[in-house]
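Just below is one structure, and these are the notes that go with it.
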Amino acid sequence: MRMIFIGPPGAGKGTQAARLVDRYAIPHISTGDMFRAAVKNGTPLGKKAAEYMNAGKLVPDEVTIGLVRERIAQDDAKEGFLLDGFPRTVPQAEALKEALAADGVSLDAVLLLEVDDQLIVDRIVGRRSDPETGTIYHLQFNPPPAEIMDRLVHRKDDTEEACRARLDAYHAQTAPLVPFYDAEGLLKRVDGVGKPDQVTERIVAALA
C-alpha cells in the first residue's frame with residue numbers, strides 16, 4: 001500500500017498514521033523525520049538539506065523530492081509507505097508524480113482526513129499537557145483530574161489565533177491538492193470526526 005496522507009493540522013493524522021503503519025506493515029515517512037535522518041547519516045542530499053535548514057531556509061522541492069526517492073527505495077518501503085507532510089502544494093505534487101513515475105512507483109491512494117475548522121480550533125485550544133507525566137488532556141473532551149489543574153501547561157501555539165493561522169495556510173497551500181488528486185482518481189475522503197477507532201474503521205473501509 002503506497003499512500004499519501006493529507007488533512008488540516010489538528011485533524012488527528014498523527015494518531016491514525018501510527019495505526020495504519022502497524023496495520024499495513026509499512027513505514028511512516030514524515031518529511032521532518034526524513035530530513036533529520038538524511039542529515040544525521042551525512043548523505044549528499046542530507047548535506048544539501050542541512051545547508052538550508054541551518055540557514056533557517058526552506059529546503060527546495062528538488063532536494064525534498066530527492067530525499068523522498070531515496071527513502072522509498074529503502075528495503076522497508078518496498079511493499080509500500082505512508083508519506084506524510086509532503087507534498088504540500090500542487091507544484092510539489094506534480095514534481096513528485098514525475099519523480100515516482102521515473103522510478104516506476106505508483107500511488108495506491110491519497111487519504112484526506114476531513115474535520116471542520118471550528119472543531120479543529122476547539123480541539124487545539126482546549127488542549128493541556130501535564131509536564132510531570134507527559135499526558136495530554138482536553139478541557140472538554142478528556143478533562144484532567146481537578147487536583148492537577150494548577151500544573152497543566154497550555155502551549156503558546158495552541159491559541160485560537162495561532163491555530164487559525166495554520167488553518168489559513170493549509171487552505172491556501174495544501175487544500176488545492178484535493179481536486180488535483182481527485183482528478184488523478186486517487187483521493188479517498190474520510191470523516192475524521194469521532195473516536196479514533198471509528199475513524200480507523202472508516203479509513204480501512206476507504207482503502208479496501
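The values are calculated or read from the model by the stated rules, or taken from the named source; none is laboratory data. This one's a predicted model, so the numbers in the text were calculated from it and none came from an experiment. Every residue, glycine among them, receives a Cβ derived from its backbone with ideal geometry; neighbour counts consider all protein chains shown.
Summary table below
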item: Residue match in region 131-149 (condition: part of a helix (DSSP H, G or I), under 16 Å from the mean Cα position of the chain (by Cα) and modelled with pLDDT under 95); result: no
item: Check on ARG2, among the charged types (D, E, K, R) and either free of Cβ contacts under 8 Å to residues at least 60 places away in the same chain or out of contact with any Gly (no Cβ under 8 Å at 6 or more places or on another chain) (or both); result: no
item: Filtered residues of region 117-163 (kept if of a type in the set (Ser, Thr, Tyr) and touching a strand residue (DSSP E or B) at 6+ places or on another chain (Cβ under 9 Å)); result: SER129, THR135, TYR137
item: Pairs where the first residue, in region 24-44, is of a type in the set (Ser, Thr, Tyr) and the second is assigned to a strand (DSSP E or B), C-beta under 8 Å, 6+ apart; result: TYR24/LEU82; SER30/ASP84; THR31/ASP84
item: Scope region 28-56; condition of a type in the set (Lys, Arg) and under 25 Å from GLY14 (Cα atoms); matching residues; result: ARG36, LYS40
item: Residue check, VAL204 assigned to a helix (DSSP H, G or I) and either at pLDDT below 95 or closer than 30 Å to LYS78 by Cα (or both); result: yes
item: Test: residue in region 68-76 that is on the phi > 0 side of the Ramachandran plot and either at pLDDT below 90 or part of a loop (DSSP other than H, G, I, E, B) (or both); result: no
item: Considering residues of region 149-170 that are in contact with a Pro (Cβ under 8 Å, 6 or more places away or on another chain) and of a type outside the set (D, E, K, R) only, the residue surrounded by the most Cβ atoms within 10 Å (Cβ to Cβ); result: CYS163
item: Check on GLU184, closer than 18 Å to PRO9 by Cα and surrounded by fewer than 16 Cβ atoms within 10 Å (Cβ to Cβ); result: no
item: Extreme residue, surrounded by the most Cβ atoms within 10 Å (Cβ to Cβ), among residues of region 101-128 that are farther than 27 Å from ASP191 by Cβ and touching a residue at least 12 places away in the same chain (Cβ under 8 Å); result: VAL105
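Residue-wise test of (1) modelled with pLDDT under 90; (2) more than 17 Å from MET3 (Cα to Cα).
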position: LYS40; (1), (2): yes, yes
position: LYS48; (1), (2): yes, yes
position: GLU51; (1), (2): yes, yes
position: ASN54; (1), (2): yes, yes
position: LEU83; (1), (2): no, no
position: ALA99; (1), (2): no, no
position: GLY104; (1), (2): no, no
position: LEU113; (1), (2): no, no
position: VAL125; (1), (2): no, yes
